[in-house]
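**Q** Could you have a look at this structure, given as structure tokens, before my questions?
The values are calculated or read from the model by the stated rules, or taken from the named source; none is laboratory data. These numbers come from a predicted model, not from an experiment. Note that we place each Cβ from the backbone using ideal geometry, even for glycine, and neighbour counts take in every protein chain shown.
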Amino acid sequence: MTVFWKKISSGIAAICLTATSLWAFSGAGVFADTADDDPNDGIVTKYERKTDLLNETHEDAPVISADSYILYDADSGSILLGNDYDVQKEPASMTKVMTVLLALERLEMNEVVTITHEMYIEVDKITDDYVKVPFNEGEEITVQDLVYAAVLKSANDAALILGMYMGGTESAFCEIMNAKAAEIGCLNTHFSSAYGLSTPDNITTPYDMALILNEAVSNTKYTEISTTLNYTINATNKYSSERNITNGNKFVKTTEYAYEYYIGGKTGFTNTAGYTLCAAAKKNNRTLVGCVFNAADQNIRYKDLVKLFDYGYSTFTTVEITESEFTPLIDEASTQMSGLLSDTNLYISDQRVVLDHYITTTSARAQLGSTNRLDLSDAMIDPSAEQQTLEIPLCKVYSDKTYLIGTMVVEIEKKAGVIEINPEKKTNLSNVRNILITFAVLSGLILLLVIVLLIFRARIIKNRRDEATRRANML
């Protein structure tokens, strides 16, 4: 087979496979493209889902007093409500969430910290308008005591001691804080203080703060600590009596601002930052995180967050995505695709499904129901490729919106033992074929020659008979 004919046949096969892949899967739940209808129009991607709900009009949304705020769905990663949620601001004592998060990850709670001379000098620099326990130079205190003091009392000396114990110096510890922030996806955060010193370069955003608090309540004992009402620091080598600490967070210590589903948070205040508050809530196994920056006063910040939580749980629904609900579509597509490839030298070598775990949408939309769709509009199979990967979108379709929630990944390879015929690569089969073709051509030529000879002989015989006849007539 010449290269020319090989290219022609491959092109024809590619056209056939592509065309077939666009119509053979049309049916319930499996999408087939048409020239006038782009299936990707209006599909909300994973990246777009983060802020998609902010683009919808929510006329009954609560009025929030804070300058900037966010309501974040921790399961799906969607921002439900927000204002200036990516604007950098001072977090004040909310900084301590990161300090305590690192302490809970890196240290043992019963670990004993000795307050060194260097620690004491730095602690002594904290001005009197910042809350302290206080601690003494040479005092031996447990990590647990420092953590509870930092969270419940918002003790700045406790947070600074923890930071210096982990980093050696506060500046070195801030590098650890910033690395951790980047690790969990904070793009607009820079810590220069272990406890929340009022300074223009100790900054974060409502969105980043929500990520930090969610990390703390999801992966550490932060919930257990921050929801504790009272804690006692036992006598130490430098302090002869017990020190009792009461949680200053009004979600915990008051009935007026108590919130049933609260699972942890942190307050903050400085003259430049104003009143700040971050909190997480869990209801029906669904976690929401809210943050307010520069609220109108210390009490309204609690009311702001309760309004956000109540609205979030009533107006939005987080849907869990399971692979089993897509199994019929995946099986059907796999079966039909294998059928399309059965007459080729290709086969499906592997397939897998990559799904997001959750999506969040409005409760009203979810109540109308949804269908699942497997989108084959861009499924292009190249019959000449040794290996190829198809990434087929999986969608959840509501009455007015379609969410891209995963991918069916299909690996296609050539079958082993398939022999390519081309002039550059001679094989035994090609030699046999060449011999057969030569034999056929020679046989044809010989047959043609015999036929020509027979015709020529017949004409000679006829001419002789005609000549004999003319001579007889002349006599």
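**Q** May I ask you to list the residues in the stretch 71-89 that are assigned to a loop (DSSP other than H, G, I, E, B) and touching a strand residue (DSSP E or B) at 6+ places or on another chain (Cβ under 6 Å)? Let's see the steps before the verdict.
**A** First, the residues of the stretch 71-89 that are assigned to a loop (DSSP other than H, G, I, E, B): 74-78, 84-88.
Residues satisfying the conditions are A74, D75, S76, S78, D84, Y85, V87, Q88.
The rows are residues; the columns are (1) hydroxyl-bearing (S, T, Y); (2) surrounded by fewer than 17 Cβ atoms within 10 Å (Cβ to Cβ).
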{"residue": "G185", "(1), (2)": "no, yes"}
{"residue": "A194", "(1), (2)": "no, no"}
{"residue": "I212", "(1), (2)": "no, no"}
{"residue": "S240", "(1), (2)": "yes, yes"}
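**Q** What tally of residues in the stretch 185-203 results from selecting those that are closer than 17 Å to D84 by Cα and outside any loop (DSSP other than H, G, I, E, B)?
**A** Here is the first cut: in the stretch 185-203, the ones closer than 17 Å to D84 by Cα are 186-189, 203.
In the following step, the residues that additionally are outside any loop (DSSP other than H, G, I, E, B) were identified as 203.
Number of matching residues: 1.
**Q** Filter the stretch 253-269 for residues that are in contact with a strand residue (DSSP E or B) (Cβ under 7 Å, 6 or more places away or on another chain) and either polar (S, T, N, Q) or without any contact (Cβ under 8 Å) to a residue 24 or more places away in the chain (or both) and give the result.
**A** Scanning the stretch 253-269 gives a single hit, T267.
**Q** Among the residues of the stretch 44-74, write down those that are acidic (D, E) and either closer than 25 Å to N285 by Cα or in contact (Cβ under 8 Å) with a residue 40 or more places away in the chain (or both). Step through it out loud before you land on a result.
**A** Going residue by residue through the stretch 44-74, those that are acidic (D, E) are 48, 52, 56, 59-60, 67, 73.
Matches in the stretch 44-74: E48, D52, E56, D60, D67, D73.
**Q** In addition: What residue, of R365, R352, is closer than 24 Å to Q388 by Cα, among the charged types (D, E, K, R) and in contact (Cβ under 8 Å) with a residue 24 or more places away in the chain? Step through it out loud before you land on a result.
**A** Numbers: R365 fails: closer than 24 Å to Q388 by Cα.
One residue alone meets the criteria, R352.
**Q** Working only within the stretch 253-273, note down all residues that are touching a Lys or Arg at 6+ places or on another chain (Cβ under 9 Å) and either at pLDDT below 95 or of a type outside the set (F, W, Y) (or both).
**A** Residues of the stretch 253-273 touching a Lys or Arg at 6+ places or on another chain (Cβ under 9 Å): 256-258, 260-263, 266-268, 273.
Result: E256, A258, E260, I263, K266, T267, G268, A273.
**Q** Scan A210, A179 and give me the residue that is modelled with pLDDT of 95 or more, under 15 Å from C278 (Cβ atoms) and within 27 Å of the chain's Cα centre (by Cα). I'd like the intermediate steps shown before the answer.
**A** On the way: A179 fails: under 15 Å from C278 (Cβ atoms).
After ruling out the rest, the residue left standing is A210.
**Q** May I ask you to list pairs of residues, at least six apart or on different chains, whose Cβ atoms are under 8 Å apart, with the first in the stretch 183-196 being assigned by TED's automatic domain parsing to the domain that holds L211 and more than 12 Å from Y207 (Cα to Cα) and the second being assigned to a loop (DSSP other than H, G, I, E, B) and among the β-branched types (V, I, T)?
**A** S192/T199; S193/T199; Y195/I126
**Q** Somewhere in the stretch 126-138, is a residue closer than 25 Å to E224 by Cβ, in contact (Cβ under 8 Å) with a residue 24 or more places away in the chain, in the same structural domain as N247 (by TED's automatic domain parsing) and among the polar types (S, T, N, Q)? If you could, list the steps in order and put the result at the bottom.
**A** Step one: of the stretch 126-138, the residues closer than 25 Å to E224 by Cβ are 131-133, 135.
Remaining after also requiring in contact (Cβ under 8 Å) with a residue 24 or more places away in the chain: 131-133, 135.
Still in the list and also in the same structural domain as N247 (by TED's automatic domain parsing): 131-133, 135.
From what is left, the residues that are among the polar types (S, T, N, Q) are none.
The answer is no, given that none of the residues of the stretch 126-138 is closer than 25 Å to E224 by Cβ, in contact (Cβ under 8 Å) with a residue 24 or more places away in the chain, in the same structural domain as N247 (by TED's automatic domain parsing) and among the polar types (S, T, N, Q).
**Q** Here is a list of conditions, (1) in a strand (DSSP E or B); (2) crowded, with 17+ Cβ neighbours inside 10 Å, and R352 meets all of them except one; can you say which number that is?
**A** Result: R352 fails condition (2) only.
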